[in-house]
Amino acid sequence: MPDLLPELTLNPDTAFYILLKTREFDAKGEVVDPDEGSNPSDDKSIDVLEFQPDDSVEEELASAISSLNEDERLDLIALIWIGRGDFSFEEWSEAREGARAIDPSQAPQYILGLPTVSDDLEEALSQLNYSLNDYLDSHLNTPVSPAVGPEAD
């Protein structure tokens, strides 16, 4: 582990959201059941793993990436590259500088085109001592209450 870890501008929760969305995106495939059954049990629910016209996973993922500010986007790409082994955390500045070469409007397509993006991102985050399991535990075990949130203030 490097002596001095970078301070992220990208919130780890946002990084984990993108990581999980990329896994959801990667799990989907081309339509192989064009004549779907009348209900999910008729076709063994295979349609859930296929890209459908009304599927929002790609749109949600692209929106999450597009909504990042420049520093967050550079952090995200640098983390992916570090997790992939292209850079180390000692080369954080170089990784972020290299990420500038990716046109911001093309960043979602670039990231979606990386075949191991979720694993690479998870690897880099784990090197920063952020755990996907901890993230899931904290978000899945948080009770949802209508009295919580901006409206409750």
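The values are calculated or read from the model by the stated rules, or taken from the named source; none is laboratory data. All figures in this text were calculated on a predicted structure; none of them were measured in a lab. Every residue, glycine as well, gets a Cβ built from its backbone with ideal geometry; the counts of neighbours run over all protein chains shown.
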Residue satisfying all of: in segment 44-85; of a type in the set (D, E) and under 26 Å from L125 (Cα atoms); modelled with the lowest pLDDT among these: E58
Residue in segment 118-131 that is surrounded by the fewest Cβ atoms within 10 Å (Cβ to Cβ), counting only those that are within 13 Å of the chain's Cα centre (by Cα) and under 17 Å from D75 (Cβ atoms): E123
One residue from A62, A99, A95 being surrounded by 17 or more Cβ atoms within 10 Å (Cβ to Cβ) and either within 14 Å of the chain's Cα centre (by Cα) or of a type in the set (S, T, Y) (or both): A62
Test result for E97, at pLDDT 95 or above, assigned to a helix (DSSP H, G or I), more than 17 Å from L10 (Cβ to Cβ) and not basic (K, R): no
Any hit, segment 83-91, residues being under 19 Å from F16 (Cα atoms), touching a residue at least 40 places away in the same chain (Cβ under 8 Å) and surrounded by fewer than 15 Cβ atoms within 10 Å (Cβ to Cβ): no
Qualifying residue in segment 21-29 (condition: farther than 15 Å from L112 by Cβ, modelled with pLDDT under 55 and part of a loop (DSSP other than H, G, I, E, B)): no
